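Peer 1: Here it is, the structure in full.
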Amino acid sequence: MIPRRRSRQVVVGGVTLGGDAPIRVQSMTNTDTRNVAATVEQIRRLQRAGCEIVRVAVPDEEAVRALREVRKEVDLPVVADIHFDYRLALGALEAGADKLRINPGNIGRREKVEAVARAAKERGVPIRVGVNSGSLRRDILRKYGGATAEAMVESVLEEIRILEEVGFEDIVISLKASDVPRTVRAYRLIACLLYTSDAADEGLGV
């Protein structure tokens, strides 16, 4: 068998990721998070089906308040999916999120990312840097002539540098394109960059 690459291990609400931990099963709810009862019921059904980590959308302040109630009712680690407003990430941390998902293409200026990183570090909460080919910054799209695998990798690496510069290390990387070959190429590129340099000694959750 091909040996597994060594990566930094992170803990999401008691569930370990990376390192020598087993591959984890994660899903995302398709309920409106603001509907606490429906969201809790779906999370429980996912748990019965074998899900180990669940992600929920947090689009506004009402969803942040609902997240607090959801977190009280379920045993699974809950990931808060954040877009556009960094204040929702800060609120989700206070509401008990076990992990944050942020998108470099829409979370905002550097100081906003730094604020989220510092708050997450204080609480020991990992951050998933989730890059989608459909939401890359315009300057990166111009540089690469479109949403290529290389453009996706540059986007995620820029965000990682910001997190590391404020001392945040509990990072998980996610790269997604609308087609499988581009997604695979992006992961191969990031793995090559991280594990053929000093980054392998530092360790990043991939």
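The values are calculated or read from the model by the stated rules, or taken from the named source; none is laboratory data. Since the structure is predicted, the reported quantities are computational estimates derived from the model, not experimental observations. Here Cβ is always computed from backbone atoms with ideal geometry, including for glycine, and neighbour counts include all displayed protein chains. These accessible areas exclude ligands, DNA and RNA; they are computed on the full protein's heavy atoms, side chains included. Shrake-Rupley method; radii C 1.70, N 1.55, O 1.52, S 1.80 Å.
Peer 1: Of these, Arg71, Arg55, Arg44, which one is open to solvent by 70 Å² or more (accessible area, probe 1.4 Å), among the charged types (D, E, K, R) and either touching a residue at least 12 places away in the same chain (Cβ under 8 Å) or not in a loop (DSSP other than H, G, I, E, B) (or both)?
Peer 2: Values: Arg71 fails: open to solvent by 70 Å² or more (accessible area, probe 1.4 Å); Arg55 fails: open to solvent by 70 Å² or more (accessible area, probe 1.4 Å).
It is Arg44.
Peer 1: Take Gly105 and tell me if it is touching a Leu at 6+ places or on another chain (Cβ under 9 Å) and not β-branched (Val, Ile, Thr).
Peer 2: Details: touching a Leu at 6+ places or on another chain (Cβ under 9 Å): yes; not β-branched (Val, Ile, Thr): yes.
Yes: the conditions hold for Gly105.
Peer 1: OK, next. Kindly evaluate Arg4 against the criterion of being exposed (fewer than 14 other Cβ atoms within 10 Å of the Cβ), over 20 Å from the mean Cα position of the chain (by Cα), of a type outside the set (A, V, I, L, M) and in a loop (DSSP other than H, G, I, E, B). Spell out the reasoning first.
Peer 2: Working: exposed (fewer than 14 other Cβ atoms within 10 Å of the Cβ): yes; over 20 Å from the mean Cα position of the chain (by Cα): yes; of a type outside the set (A, V, I, L, M): yes; in a loop (DSSP other than H, G, I, E, B): yes.
Considered against the rule, which asks whether it is exposed (fewer than 14 other Cβ atoms within 10 Å of the Cβ), over 20 Å from the mean Cα position of the chain (by Cα), of a type outside the set (A, V, I, L, M) and in a loop (DSSP other than H, G, I, E, B), Arg4 comes out as yes.
Peer 1: Consider Ser27 carefully, then state whether it is within 21 Å of Ile127 (Cβ to Cβ), part of a loop (DSSP other than H, G, I, E, B) and among the polar types (S, T, N, Q).
Peer 2: So Ser27 fails the test.
Peer 1: While we're on this one: Quick one: count up the residues across the stretch 170-191 that are surrounded by fewer than 18 Cβ atoms within 10 Å (Cβ to Cβ) and under 23 Å from Arg109 (Cα atoms).
Peer 2: So the count comes out to 2.
Peer 1: While we're here: Residues that are out of contact with any strand residue (DSSP E or B) (no Cβ under 6 Å at 6 or more places or on another chain), of a type in the set (A, V, I, L, M), open to solvent by 10 Å² or more (accessible area, probe 1.4 Å) and at pLDDT 95 or above: does the stretch 77-91 have at least one?
Peer 2: The answer is yes, given that some residue of the stretch 77-91 is out of contact with any strand residue (DSSP E or B) (no Cβ under 6 Å at 6 or more places or on another chain), of a type in the set (A, V, I, L, M), open to solvent by 10 Å² or more (accessible area, probe 1.4 Å) and at pLDDT 95 or above.
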